[in-house]
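Trainee: One structure, pasted below without further comment.
Just so it is clear, none of the values below were taken in a lab; they were calculated from the coordinates. Predicted model, so just to flag it, every value in this text is computed and none were measured. Glycine also receives a Cβ, built like all others from the backbone with ideal geometry; neighbour counts cover every protein chain displayed.
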Amino acid sequence: MNRALDAISFDYINLKSLPEIWQIAAEKFGNTIALQDPHAKPGVAINYRDLSDKIQQFATGLQALGINPQDKVALFADNSPRWFIADQGIMMAGAVDVVRSSGAEQQELAYILENSDSTALVVENAKTLAKLSSQLTDLPISLIVLLSDENPSEASIKTISFQQLMELGAKNQLQSVQQSKATLATLLYTSGTTGKPKGVMLSHGNLLHQVNYVKTVFQPQPGDVILSILPSWHAYERAAEYFFLAHGATQVYTTIRYFKQDLKEFQPTYMVGVPRLWESLYDGVQKLLAEQSESQQKLVKFFLKQSERYIMAQRIANDTSLEHFEASATERSLAKLKATSLYPVHALADKLVYRKIRAGIGNIKAVCSGGGSLAKYLDDFYQTVNIDVFVGYGLTETSPITNARTPEHNVRGSAGQPLPETEIKIVDPQTRQELPQGQRGLVLIRGSQVMQGYYQNPEATAKAIDGEGWFDSGDLGWLTPYNDLVLTGRAKDTIVLTNGENIEPQPIEDACARSVYIDQIMLVGQDQRALGALIVPNLETLQQWITEQKLDLKLPSSNSAESIAHSGLNDRAIADLYRNELNREVQNRPGYRADDRISTFRFVTEPFSQENGTMTQTFKIKRPVIRDKYQHLIDEMFSD
């Protein structure tokens, strides 16, 4: 395959359904590897020609077993080539797939099965099926498919293995199904941070929008490597997978366990991920730098400082600095001269330092960050070391990407301009009147990627989408003169102090998390006089500080049941350290106000995570869950 092919010329605008892509891709990319799972036993590598055949066999097998157009087929499984084959096979058969992780709680999966009207179930393995078996009795499930190679056990519901379904598909002929862009393709249940999940109805047209227009951000060439780590069933990851595979890339599956190893081994061209992922890479780099000699550390700090000056001057000169959009022509000219004078030092730094940093994290060409706010220090760091970061924005209900920064217009601190066929409007949260450019308000979205609605929930749909098609994102933000969207927080996350001041916690949390002594943080303070914080300390760096200070203190371990009240974390010196850290980071934040100050805090040693239910699948903290879990600490800190 000729890697010089222009990826942008691969146009799917006229397609009616998503699965139509794979026959076209098979003809264009043939023997190029499409899906690779190096950690499966044995390892799996499927080229585009075989992928198209396998998707068709899966679809044909489903049809032979009685699956009809628009039947709902639940797909409870996780990242693997077979997940992708099942996902696209279900759609090619004309059915609607209902997706969720096999690791989700039994009650949630049972609720999704019932609410979605699913009549068939595709599951990861026998273990997942066993978890659900007691819930299937009163549901209209007539077919179960195991994605594993396990032999199905005797059951009242017809159950077959992946291989049996594929063999059946190979013996039959695929029946043509009439589908259009308006045809429902998938139900994606939001995990959310509160309440029961809602079934987001995404059409083929919604999904094809992403395939056709993410090319404004990335221009992949056939054979470019994409390292995949987010859940395949999630809207963000799905959009990325559909897009990159439609353009001939090779998708390599990884996990948290193998992530850093796979970065170096597979040298991915692109990645999509959440801020927590880029933060972990940054922390790894900082740890390596801290192990260098004192003279080397001084040299690196000097280079980073000069590069930061160069980057800022370049942003002003190119009119991509949020803080300098009103700079005069003279100021831009001076910034250009400054950038020119600093460039030799930046280039030397790249040769001596930044190339080694990039090599250490896989020589990634560019990444897209979504699913949450990217802290400014991370944005600055990656630009400094010459790794392009394109922040995207969107929600499950918008398929999901509505806005993204691009190589031609990468305004740090923003979520970028709208993708084609997308409109953004900022309105007053109370009156819903449109606000002038630059004023902060509620973000409304209209476009061909906006969902059809919530399944069997007309009240929630009417609340989310108005009569003119504007979707209420629930996010707060403003628009720059160039129509870049700048997000400032969630409407429902806003903390209102007793003086009437509204505080958006995310930007302050991002600033505080820059401290090497803070692993995670969540602000609290609704209806209080000042802000408070729950802090998950970085016990490793804190222990180093204790050793340097020659303090005789014992720290609890992470996830320790030991009472913090009887550990070193209760020491006054540690309290003073964290108070100083919080004050410095908050006051150094752009736009600092006196009400942003954190007046009190408490430590928790159990990290916020998916495993303990305090984080969503895309690593957003579940604020209500955390507040409920640590309400006693919150009450304690504000009673002082």
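Trainee: To the nearest 10 degrees, how steeply does helix 48-64 sit against the main Cα axis of the chain, on a 0 to 90 scale?
Mentor: 60 degrees
Trainee: Let me ask you something else. Diagonalise the Cα gyration tensor of segment 435-572 and give the resulting equivalent ellipsoid semi-axes, square root of 5 times each eigenvalue, largest first, whole Å.
Mentor: 42, 18, 15
Trainee: Tell me the GluC sites (Glu not before Pro) within segment 583-640 that lie in a loop according to DSSP and have at most 15 other beta-carbon atoms within 10 Å.
Mentor: 611
Trainee: Most exposed first by the Cβ proxy, i.e. fewest other Cβ within 10 Å, how do 100, 514 rank? Could you put the intermediate results ahead of the total?
Mentor: On the way: 100 25, 514 18.
So the ranking, lowest neighbour count to highest, is 514, 100.
Trainee: Enumerate the lysines that residue 198 could reach by cross-link, defined here as Cα to Cα under 19 Å, with residues fewer than 8 away along the same chain left out.
Mentor: 72, 463, 492, 620, 622
Trainee: Restricting to Cα atoms and excluding each atom paired with itself, what does the Kirkwood estimate give for segment 275-386 in Å?
Mentor: With all distinct Cα pairs of segment 275-386 included, I get 15.2 Å.
Trainee: Right, here's the next one. Take segment 530-640, drop everything but the C-alpha atoms, weight them equally and run the Debye formula without solvent; then report log10 I(q)/I(0) at 0.15, 0.19 Å⁻¹ to two decimals.
Mentor: The computed values of log10 I(q)/I(0) come out as -0.76, -1.18.
Trainee: Still on this structure, please answer the following. Where Lys and Arg each count +1 and Asp and Glu each count -1, what net charge lies around residue 205 among other residues with Cβ under 9 Å from its Cβ? Mind dumping the intermediate values first?
Mentor: Working: positive: 16, 181; negative: none.
Combined, the nearby Lys, Arg, Asp and Glu give +2.
Trainee: Another one. Of all DSSP beta bridges located in segment 494-639, what percent are antiparallel, nearest 5?
Mentor: Taking every DSSP beta bridge within segment 494-639, about 65 percent pair in antiparallel fashion.
Trainee: Sorted from fewest to most neighbouring beta carbons within 10 Å, what does the list 478, 278 look like?
Mentor: Working: 478 19, 278 22.
So the ranking, lowest neighbour count to highest, is 478, 278.
Trainee: Just check segment 1-100 against the gyration tensor rule for me: Cα atoms, a ≥ b ≥ c as the square roots of the eigenvalues, rounded for a/c under 1.5, and otherwise prolate or oblate depending on whether a/b exceeds b/c.
Mentor: Here segment 1-100 falls in the oblate category.
Trainee: Let me ask something else. Tell me the label-point distance for the pair residue 154, residue 466, using the 7 Å Cα-to-Cβ offset, in nm and rounded to one decimal.
Mentor: Result: 6.2 nm between the two label points.
Trainee: Next question. Which loop GluC sites (Glu not before Pro) in segment 254-349, with loop taken from DSSP, have no more than 16 other Cβ atoms within 10 angstrom of their Cβ?
Mentor: 291, 326
Trainee: In segment 416-491, what is the volume of the convex hull around the alpha carbon atoms, normalised per residue and reported in Å³?
Mentor: 95 Å³
Trainee: If you don't mind, another one. Write down the percent of antiparallel bridges among all DSSP beta bridges whose residues are both part of the chain, to the nearest 5.
Mentor: Of those bridges, close to 50 percent are antiparallel.
Trainee: What net charge do the residues around residue 161 carry, taking every other residue with its C-beta under 10 Å from that of residue 161, with Lys and Arg at +1 and Asp and Glu at -1?
Mentor: Within the 10 Å Cβ shell, the charges total -3.
Trainee: Rounded to whole Hz and in sequence order, give me ³J(HN,Hα) for segment 71-83 from the Karplus expression 6.51 cos²θ - 1.76 cosθ + 1.60, θ = phi - 60°, writing x for Gly and Pro.
Mentor: For segment 71-83, the Karplus curve yields 4, 9, 10, 6, 10, 9, 7, 10, 3, 5, x, 5, 4 Hz.
Trainee: Relative contact order of segment 568-640: what whole-number percent is it, with Cα pairs under 8 angstrom and at least 6 residues apart?
Mentor: Once divided by the residue count of segment 568-640, the mean separation gives 19 percent.
Trainee: Quick check on the exposure proxy: order 213, 393, 189 from fewest to most C-beta atoms within 10 angstrom.
Mentor: 213, 189, 393
Trainee: If you don't mind, there's one more thing I want to ask. Helix 275-290 versus the longest principal axis of the chain: what is the Cα-based angle in degrees, 0 to 90, to the nearest 10?
Mentor: Orientation of helix 275-290: about 50 degrees from the principal axis.
Trainee: If you project the alpha carbons of segment 29-185 onto their three principal axes, what span does each projection cover, largest first, in Å?
Mentor: Ordered largest first, segment 29-185 gives principal extents of 45, 38, 28 Å.
Trainee: More than 12 angstrom separation, counting every C-alpha pair in segment 254-310; what % is that?
Mentor: 76 percent
Trainee: Count the lysine pairs in segment 234-366 that are 8 or more places apart or on different chains: how many have C-alpha atoms under 17 angstrom apart?
Mentor: Count of close lysine pairs: 16.
Trainee: Also, I was wondering about something else. Over segment 169-249, consider all pairs of different Cα atoms and compute the Kirkwood hydrodynamic radius from their mean reciprocal separation; express it in Å, one decimal.
Mentor: One over the average 1/r among Cα pairs gives 14.9 Å for segment 169-249.
Trainee: With an 8 Å cut-off on Cα pairs and a minimum separation of 6 or more residues, tell me the relative contact order of segment 240-353 in percent.
Mentor: Averaging sequence separation for qualifying contacts and normalising by length gives 21 percent for segment 240-353.
Trainee: Using 0.36 nm per residue, how much length does the chain from residue 295 to residue 329 gain when fully extended, once their Cα-Cα distance is taken away?
Mentor: Computed gain between residue 295 and residue 329 is 8.2 nm.
Trainee: Ok, one more. I'd like the projected area of the chain, averaged over all directions, using the convex hull of its alpha carbons. Report it in nm² with one decimal.
Mentor: Quarter of the Cα hull surface area: 30.7 nm².
Trainee: Can you tell me, using C-alpha contacts under 8 Å and at least 6 residues apart, the relative contact order of segment 416-491 as a whole percent? Don't jump to the answer; show the numbers that get you there.
Mentor: Working: 130 pairs, mean separation 25.5, N = 76.
The value is 34 percent.
Trainee: OK, next. Which angle between 0 and 90 degrees, to the nearest 10, do you get for helix 162-171 versus the longest principal axis of the chain when only C-alpha atoms count?
Mentor: 40 degrees
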